[in-house]
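Contents: one structure, followed by commentary.
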Amino acid sequence: MGYVYILRCADGTYYVGSTIDLDRRLDQHNAGEGAAYTRRRRPVELVWTNEFARIEEAFAWEKRIQGWSHAKREAFIIGGIDAVRGWHKRGGRGR
């Protein structure tokens, strides 16, 4: 089992990650023991997560979402995958 997650950082940016233990990973981020990116932007807040049967699937989604613009990530958080389908065709910025 694995999770992909999006955090909203204190500066309004988003961090995307994947893990096998979501609660532990969130605690690490907020304790300053997570990624260097979040360490400088605490506190962080979990704004989206999804569970997958395999960590490899979660990791693949992490990499996919990491390639998205800030605006596309926000649209996804609010409206899910339907909100970003055909994003580049509608004139949305980013991938």
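The values are calculated or read from the model by the stated rules, or taken from the named source; none is laboratory data. Keep in mind that what you see is a predicted model, and the values were worked out from it rather than measured. So basically every Cβ, Gly included, is an ideal-geometry build from the backbone, and we count neighbours across all protein chains shown.
Could you count how many residues in the range 30-43 are closer than 23 Å to residue 78 by Cα and part of a loop (DSSP other than H, G, I, E, B)?
Here the count works out to 3.
For residues that are over 20 Å from residue 22 (Cα atoms) and over 15 Å from the mean Cα position of the chain (by Cα), tally how many sit in the range 41-92.
10
Look through 61, 68 and report the one residue that is in contact with a strand residue (DSSP E or B) (Cβ under 7 Å, 6 or more places away or on another chain) and either surrounded by 15 or more Cβ atoms within 10 Å (Cβ to Cβ) or modelled with pLDDT of 95 or more (or both).
Numbers: 68 fails: in contact with a strand residue (DSSP E or B) (Cβ under 7 Å, 6 or more places away or on another chain).
On inspection, the qualifying residue turns out to be 61.
Any residue in the range 1-21 that is closer than 13 Å to residue 63 by Cα sitting within a Cβ distance under 7 Å of a residue that is among the charged types (D, E, K, R) and buried (at least 21 other Cβ atoms within 10 Å of the Cβ)? List the pairs, counting only those 6 or more apart or interchain.
That search, which allows pairs on different chains as well, returns 6/73.
Looking at 46, 7, 26, can you tell me which residue is part of a helix (DSSP H, G or I) and in contact with a strand residue (DSSP E or B) (Cβ under 7 Å, 6 or more places away or on another chain)?
Numbers: 46 fails: part of a helix (DSSP H, G or I); 7 fails: part of a helix (DSSP H, G or I).
Going through 46, 7, 26 in turn, just one is part of a helix (DSSP H, G or I) and in contact with a strand residue (DSSP E or B) (Cβ under 7 Å, 6 or more places away or on another chain): 26.
Any chance you could count how many residues in the range 3-29 are crowded, with 16+ Cβ neighbours inside 10 Å and farther than 19 Å from residue 77 by Cβ?
Of the range 3-29, the ones crowded, with 16+ Cβ neighbours inside 10 Å are 3-9, 14-19, 22, 25-26, 28-29.
Those left that are additionally farther than 19 Å from residue 77 by Cβ: 28.
Adding up the residues that qualify gives 1.
Output the residue which, of all residues in the range 32-58 that are among the aliphatic types (A, V, I, L, M) and modelled with pLDDT under 95, is surrounded by the most Cβ atoms within 10 Å (Cβ to Cβ).
Looking only at the range 32-58, we keep the residues that are among the aliphatic types (A, V, I, L, M), and these are 35-36, 44, 46-47, 53, 55, 58.
From the residues that got through so far, the ones that are modelled with pLDDT under 95 too are 35-36.
On the way: 35: 15, 36: 8.
If we take residues in the range 32-58 being among the aliphatic types (A, V, I, L, M) and modelled with pLDDT under 95, then 35 is surrounded by the most Cβ atoms within 10 Å (Cβ to Cβ).
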